[in-house]
Ligand SMILES: [Ca+2]
Ligand SMILES: [Ca+2]
Ligand SMILES: [Ca+2]
């Protein structure tokens, strides 16, 4: 009984995750969101900063274009041929690096209702808008 129920749950989850994948990028998206959002299922400013800084290979607090391009490819994120363009979109304070000057702007753009948290819906919507071709 207990076992059947967990199988049932597993199947439900499986079906949901398959349905939720638009064009194959969905699995990555779920993984990223869950990894950084934590148990409350919402991204704070600090949590989104942590996501951007995971591109910072040399740990100098700034994401250079080459760090961004190579991490984007390594992570198997969508449309790596467009990574240079994504970098330009994210470089809100245009100085050819992504750092703490840019992150709050990106956060505000992605936090659609301005409540200080990015929900999975807000994240998915903006991720797809910015990074799908
Ligand atoms: Ca760096
Ligand atoms: Ca910048
Ligand atoms: Ca929000």
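We did not get these values from a lab; they are worked out from the coordinates using the rules stated. Everything numeric here is computed off the predicted structure, so don't read it as measured data. As a convention, Cβ positions derive from the backbone with ideal geometry for all residues, glycine included, and neighbour counts pool all protein chains shown.
Of 39, 119, the sequence from fewest to most neighbouring Cβ atoms within 10 angstrom is 39, 119. The Rg/Rh ratio of the range 46-94, with Rg taken over Cα atoms and Rh as the Kirkwood radius over Cα pairs, comes to 0.94.
Among rounded, prolate and oblate, which fits the range 65-133 when a ≥ b ≥ c are the square roots of the eigenvalues of its C-alpha gyration tensor, a/c under 1.5 means rounded, and a/b larger than b/c means prolate? Oblate, since a/c reaches 1.5 and b/c is not below a/b.
Panel order for 97, 63, by other beta carbons found within 10 Å of each beta carbon, from fewest to most: 97, 63. Within 10 Å of each residue's Cβ, count the other Cβ atoms and sort 29, 43 from fewest upward. The order, fewest Cβ neighbours first, is 29, 43.
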